[in-house]
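Input: a single structure, listed below in structure tokens.
The values are calculated or read from the model by the stated rules, or taken from the named source; none is laboratory data. Note that the coordinates shown come from a computational prediction; the quantities given were computed from them, not determined experimentally. Cβ placement follows ideal geometry from the backbone for every residue including glycine, while neighbour counts extend to all protein chains displayed. The accessibility values were calculated without ligands, DNA or RNA, using every heavy atom of the protein model including side chains. Shrake-Rupley method; radii C 1.70, N 1.55, O 1.52, S 1.80 Å.
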Amino acid sequence: MQNPEVFILAIESSCDDTAAAVLHNDKVLSNVVANQLIHNQYGGVVPELASRAHQQNIVPVIDAALRKANVQKEQLSAIAFTQGPGLMGSLLVGTSFSKSLSLALNIPLIAVNHMHAHILAHFIDEEGYDKPEFPFLALTISGGHTQIVKVNSFFNMEIIGETTDDAVGEAFDKSAKILGLPYPGGPLIDKYAKEGNPKAFPFTKPKVPGLDFSFSGLKTAILYFIQKNKQQNPNFIEENLNDICASIQHTIIEILMDKIKLAVKETGITQIAIGGGVSANSGIRNTLKEAEGKYGWKTFIPKFEYTTDNAAMIGIVGYQKYLSNRFETSAVVSKARIEF
């Protein structure tokens, strides 16, 4: 029987967003995120600046989350935090604070794998959103990861396909950089793609065996394509931006869909869930929803605010671990790379 009064404070600090959330069982009472805009001028996340910003943000963000949830520290059942993967300096801020708070309040400490959280975000109790049934296939797509995961239960997951080089989010952002778009460029490609012709400029899809992915060759092909056309027409990007973005996005989506279709064929599982920052991409979301009617799949697309890094997804894993008494001691350490 589930405890009706479990309050989880969740802390996420794996990269450049400081986030805190309060959950009452599997319901989100608050989900606060402080973004770090300082990285935009550098074209990417600067780890040292990120960790300093986390130190500045973590107390006010947690305070805001508790206030918004109308929950006192004394009501908390446990502290859940991101153990990894991520930037080591950023992770250390969240880990250290979580350890200290759990000791001060004398409540359990729960370590969470950031990638598990992206998958299990689907189990947040949210009106209008269905929850997948086990087993299901999860496509985790972000700036650092591209994986197809067979999810057998909350704590039994198996990676059956992953990128051999770059992640899909990096493919979007590096393509945007080639086009001269500001960081982060992935959302801008999605924006311009809506107005373009996805078949205008065909790019070759990489031939990778099995369920694995590769995006480095596509990035190189886009670079050479832009360089060649700019030599012939210096205004090529400006005159064709929408079509270029639509063609890049179309190719990336086709690469992802080809592998998902193969995974469904090999496993017989027709429930597909997506997670990770790139799952906010409208083209991917629309294509996956269309697949329901086309292939007879059941697809699960998370609420937009649970796609990018956030603490609510850390909290839902924390809640499930709390029910199973999967706690840590203060000896737990952050891990930039963590076993899935």
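Run the accessible area of the chain with a 1.4 Å probe and give the carbon-and-sulfur part as a rounded percent. Numbers along the way, then the final one.
Values: 7540 of 15380 Å².
Roughly 49 percent of what the probe reaches on the chain is carbon or sulfur.
Can you give me the long-range amide H partners of Thr163? Hydrogens built in the peptide plane at 1.01 Å from N, cutoff under 5 Å, separation of 5 or more residues or another chain.
Residues meeting the criterion, in which the H sits 1.01 Å from N, are Thr146, Phe213.
Using a simple charge model, +1 on the beta-carbon of Lys and Arg, -1 on the beta-carbon of Asp and Glu, nothing else, what dipole does region 30-171 show about its Cα centre, in debye to the nearest 20?
Working: 7 positive and 13 negative charges, 120 e Å.
The dipole magnitude comes to about 580 debye.
Could you tell me how many degrees, from 0 to 90 and to the nearest 10, lie between the Cα long axis of helix 236-267 and the main elongation axis, the longest principal axis, of the Cα atoms of the chain?
60
Residues of region 141-243: accessible area per residue at 1.4 Å, in Å²?
Numbers: 5380 Å² over 103 residues.
Value for region 141-243: 52 Å² per residue.
Students often get this wrong, so try it: which of [x] 49, 26, 19; [y] 36, 23, 16; [z] 29, 24, 20 is semi-axes √(5λ) of the Cα gyration tensor in Å as calculated from the structure shown?
[y]
Give the cross-link partners of Lys335 among the lysines, using a straight C-alpha distance below 24 Å as the criterion and excluding same-chain residues fewer than 8 apart.
Cα-Cα hits under 24 Å: Lys99, Lys150, Lys321.
Taking only DSSP H segments of four or more residues, each worth -39500 (n - 2.57), what value at 222 nm results for the chain once the sum is divided by all its residues, to the nearest 500 deg cm²/dmol? Show your work: numbers first, answer last.
Working: 9 runs with 142 residues, N = 340.
For the chain, the value works out to -14000 deg cm²/dmol.
DSSP loop (so not H, G, I, E, B), at most 12 other Cβ within 10 Å: list which GluC sites (Glu not before Pro) in region 179-271 pass both filters.
Working: sites: Glu195, Glu238, Glu239, Glu254, Glu266; in loops: Glu195.
Answer in residue order: Glu195.
Is there a quick way to get the dipole size of the chain? I mean about its Cα centre, with the Cβ of Lys and Arg at +1 and of Asp and Glu at -1; what is the value in debye to the nearest 20?
The dipole magnitude comes to about 340 debye.
Could you run the Karplus curve 6.51 cos²θ - 1.76 cosθ + 1.60 with θ = phi - 60° over region 74-91 and give me ³J(HN,Hα) per residue in whole Hz, x for Gly and Pro?
Once rounded to whole Hz, the list reads 5, 7, 5, 8, 6, 10, 10, 9, 7, 7, x, x, x, 6, 4, x, 5, 4.
Just to confirm the filter: which trypsin sites (Lys or Arg not before Pro) across region 120-191 are DSSP coil and have at most 11 other Cβ within 10 angstrom of their Cβ? List each step's numbers first, then the result.
Working: sites: Lys150, Lys174, Lys177, Lys191; in loops: none.
The qualifying sites: there are none.
Beyond a 23 Å Cα-Cα separation, which of these cross-linked pairs lie in this structure: Lys177/Lys199; Lys177/Lys230; Lys68/Lys191; Lys174/Lys228?
Working: Lys177/Lys199 21 Å; Lys177/Lys230 15 Å; Lys68/Lys191 32 Å; Lys174/Lys228 17 Å.
Pairs exceeding 23 Å: Lys68/Lys191.
At what distance in angstrom do the alpha carbon centres of region 145-223 and region 246-312 lie from each other?
12
Checking the a/c ratio against 1.5 first, then a/b against b/c, what shape does the Cα gyration tensor give for region 88-192? Walk me through the numbers before you get to the answer.
Values: a/c = 2.00, a/b = 1.33, b/c = 1.50.
Oblate, since a/c reaches 1.5 and b/c is not below a/b.
Let me check I've understood the local charge: for His250, count other residues with C-beta under 14 angstrom from its C-beta, Lys and Arg +1, Asp and Glu -1. What total comes out?
Values: positive: Lys194, Lys199, Lys205; negative: Asp190, Glu195, Asp243, Glu254, Asp258, Glu290.
Every neighbour counted, the sum reads -3.
Given R₀ = 22 Å, what would the calculated FRET efficiency be for Lys298 paired with Asp125, taking r from the Cβ atoms and rounding to 0.05?
Using R0 = 22 Å, I get an efficiency of 0.75.
Tabulate in residue order the Karplus-calculated ³J(HN,Hα) for region 289-302, using 6.51 cos²θ - 1.76 cosθ + 1.60 with θ = phi - 60°, rounded to whole Hz; enter x for Gly and Pro.
In residue order, the calculated couplings are 5, 5, 5, 4, x, 6, 10, x, 7, 10, 10, 10, 10, x Hz.
Report the antiparallel proportion of the DSSP beta bridges in the chain as a percent, rounded to a multiple of 5. Provide the component values of the computation, followed by the final result.
On the way: 26 of 43 bridges.
Antiparallel: roughly 60 percent of the beta bridges in the chain.
Mind listing the long-range amide H neighbours of Ala78? Cut-off is under 5 Å, sequence gap 5 or more, other chains count too, H placed in the peptide plane at 1.01 Å from N.
Phe7, Leu9
Which value, in debye to the nearest 20, gives the size of the charge dipole of region 227-307 about its Cα centre, when Lys and Arg are +1 and Asp and Glu are -1 at the Cβ?
Details: 10 positive and 9 negative charges, 54 e Å.
That gives region 227-307 a dipole magnitude of about 260 debye.
Might you tell me the accessible area per residue for region 256-340, computed with a 1.4 Å probe and given in Å²?
45
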